[in-house]
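One structure is given below, encoded as C-alpha cells.
The values are calculated or read from the model by the stated rules, or taken from the named source; none is laboratory data. Here the structure is a predicted model, which is why all the values come from computation and not from measurement. Quick reminder, even Gly has a Cβ in these numbers, built from the backbone with ideal geometry, and neighbours come from all protein chains shown. The accessibility values were calculated without ligands, DNA or RNA, using every heavy atom of the protein model including side chains. Shrake-Rupley method; radii C 1.70, N 1.55, O 1.52, S 1.80 Å.
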Amino acid sequence: MSVDLKAKPFYLTDEDIQWVEKTIANMSLEEKIGQLFVNMGSSRDEQYLKDVVNKYHIGAVRYNPASAAEVYEQNRILQENSKIPLLISANIEAGGNGACTDGTEIGVQVKIASTNDPQNGLMKWDVWAA
C-alpha cells in the first residue's frame, strides 16, 4: 500500500518526500520502534534528555508544565539531540497555562460551553468522535 504524501493531509513537496524516504530507509529497527513512544518528560536534566533521545529514539515528548523558559530549554535540548524532529505535546485544554505555568488560561471546556456560543471555539463532542 502506498501513501500519497503530496495529498491531504500531508501536502509534502518532492524535496520533503525525498527526506522522509531517505530518513526511513536509514533508520534501524530499534529507531523505528522508538518512534512509536512518547516520553512523559519526567525530568528536565540535560543528560537525562539526551539519554532518552539517544537510547530510546522516542518519537515525541509530552512535558509537564514549567515556566516558558524551562519548557523552551527542554525542547531545545531534545530537538538538538534527536536524529529525527520530535513531536511535542502538552496539556493545553485550558490554554497556554497547561503547557507553561506562566501561560495564559483561556478556560476549561465547561466554562467555554456555558457561553453556548460556537464563536468561542466550542466543538460538540460528537464531532470529535466522528
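What the table below lists for this structure:
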| item | result |
| --- | --- |
| Yes/no for Val38 being closer than 17 Å to Gln79 by Cα, in contact with a helix residue (DSSP H, G or I) (Cβ under 8 Å, 6 or more places away or on another chain) and in contact (Cβ under 8 Å) with a residue 12 or more places away in the chain | no |
| When residues of the stretch 9-25 are limited to those that are over 15 Å from Pro85 (Cβ atoms) and surrounded by fewer than 12 Cβ atoms within 10 Å (Cβ to Cβ), the one nearest to the chain's Cα centre (by Cα) | Pro9 |
| Extreme residue, least open to solvent (accessible area, probe 1.4 Å), among residues of the stretch 26-45 that are among the acidic types (Asp, Glu) and over 24 Å from Pro65 (Cα atoms) | Glu31 |
| Search result, residues across the stretch 56-78 that are exposed (fewer than 14 other Cβ atoms within 10 Å of the Cβ) and either modelled with pLDDT of 95 or more or not in a helix (DSSP H, G or I) (or both) | Arg62, Ser67, Arg76 |
| Top-ranked residue of the stretch 30-84 - restricted to ones that are touching a His at 6+ places or on another chain (Cβ under 9 Å) and of a type in the set (Val, Ile, Thr), ranked as nearest to Val20 (Cα to Cα) | Ile84 |
| Enumeration of residues in the stretch 22-40 that are part of a helix (DSSP H, G or I) and either at pLDDT below 95 or among the β-branched types (Val, Ile, Thr) (or both) | Thr23, Ile24, Ile33 |
| Filtered residues of the stretch 85-123 (kept if surrounded by fewer than 16 Cβ atoms within 10 Å (Cβ to Cβ), of a type in the set (A, V, I, L, M, F, W, C) and assigned to a loop (DSSP other than H, G, I, E, B)) | Ile92, Val108, Leu122, Met123 |
| Those residues of the stretch 45-70 which are touching a helix residue (DSSP H, G or I) at 6+ places or on another chain (Cβ under 7 Å) and acidic (Asp, Glu), in sequence order | Glu46 |
